[in-house]
Amino acid sequence: MILKIVLGLVLVCILWLAYEIIRHAKSDPTSRVFKFNVVGFLIGVVTDFGDTLGIGSFGTTPPLYRLTHYMPDERYLPGTLNAIQAIPTMMESFFFITAVPVELPTLIPMVVAAVLGSYAGSRVVARWETTIIQKVMAIALTITSLLMLANKMGWIGLLATHNNSYGLHGWLLVIGIVGNFIFGILMSAGVGLYAPCMVLVYLLGMKPIAAFPIMMLSCALLMPAASYNFIREDRVSYRGVFGFIIGGILGVYVAATFVKSLPMHILTWLIVAVCLWTAYQLYRSAKITQKQI
């Protein structure tokens, strides 16, 4: 019963955010430009395909934005990441919430904490200037790259070698709730939640597979909460938005339905390298902008 209510809430968030995006995109002519929608479609397919496989989209999207000059102003980067990636991410949650067992008294409080954290964080991030966003995103991409590297080397997996729990209790649950609240704040600034959340649940003794519904549902519900503030403060870019969302949903569907295993060895190393390079470029842009002021 509770699970059906949660899934219903995700569906309501999808409908609400779709309405808000369509309503605001009407006043932005770039939302309907064919070229931008094609580029957005391709970025959406690639990033959300990888997101469904556990790579995350907050590390892969900014490099592709920069490569294609898709983002007109990097002040819009955190808001666009949260708002435009939200609908494909919410679609992801339908595949993982019902497929992977996890104790609801653990899942629900941790997800609620992440949502509250993202709402609080986005109220601050939505008012940041370009240089601050560039520096924070540079740090976010560096952290994401290092966590991906640690996962690739097998260091994160070592934390869960003997874990056999599908839930948290007592002080461990309190730590999990506080941790996810912090991750929600960081996600509003562009730090992906997947890898930190995975590390947290491993350290607290949960099975690796149990991390998926927690991190997927956390992102599915915190991104609309963050989007509310970013949309209200006009910090979302709607350029090619419809192509991006359609491509993102397609990427999720293909990855969740048809891809059972994929050789990620070379791809992961490439993503780490590209994320680090993009982090350097963002930080360099911030320093150049500061000198020009």
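The values are calculated or read from the model by the stated rules, or taken from the named source; none is laboratory data. These numbers come from a predicted model, not from an experiment. Virtual Cβ from ideal backbone geometry, glycine too; neighbours counted across all protein chains shown.
Of the listed requirements (1) touching a Phe, Trp or Tyr at 6+ places or on another chain (Cβ under 8 Å); (2) on the phi > 0 side of the Ramachandran plot, PRO63 misses just one: (2).
Against the test of being closer than 23 Å to ILE214 by Cα, of a type in the set (S, T, N, Q), part of a helix (DSSP H, G or I) and at pLDDT 80 or above, the options SER122, SER145 yield a single qualifying residue, SER122. Restricting the search to helices (runs of 4 or more DSSP H) fully inside the range 12-117 and requiring at least 1 residues that are within 16 Å of LEU221 (Cα to Cα) and touching a Ser or Thr at 6+ places or on another chain (Cβ under 6 Å) gives 34-52, 77-84, 86-97. Only a single item in (1) over 17 Å from the mean Cα position of the chain (by Cα); (2) free of Cβ contacts under 8 Å to residues at least 24 places away in the same chain is not met by TYR65, and it is number (1). Restricting the search to helices (runs of 4 or more DSSP H) fully inside the range 156-244 and requiring at least 2 residues that are at pLDDT 90 or above and surrounded by 24 or more Cβ atoms within 10 Å (Cβ to Cβ) gives 171-188, 211-232. What number of residues in the range 94-130 are crowded, with 20+ Cβ neighbours inside 10 Å, over 15 Å from TYR228 (Cβ atoms) and of a type in the set (Ser, Thr, Tyr)? Final tally of qualifying residues: 1. Identify, please: which residue in the range 245-263 is among the aliphatic types (A, V, I, L, M) and part of a helix (DSSP H, G or I) and is, among those, modelled with the lowest pLDDT? Once the filter is applied, the top-ranked residue is ALA256.
Per-residue answers, yes or no, for (1) in contact with a helix residue (DSSP H, G or I) (Cβ under 8 Å, 6 or more places away or on another chain); (2) farther than 21 Å from TYR253 by Cβ; (3) loosely packed, with under 14 Cβ neighbours inside 10 Å:
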position	(1), (2), (3)
LYS4	no, yes, yes
ILE14	yes, no, no
THR30	yes, yes, no
VAL38	yes, no, yes
VAL45	yes, no, no
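Contact map, the range 81-94: first residue over 22 Å from ILE108 (Cβ atoms), second residue aromatic (Phe, Trp, Tyr) and part of a helix (DSSP H, G or I), Cβ cut-off under 6 Å, separation 6 or more or different chains; pairs are ALA83/PHE230; ILE84/PHE244.
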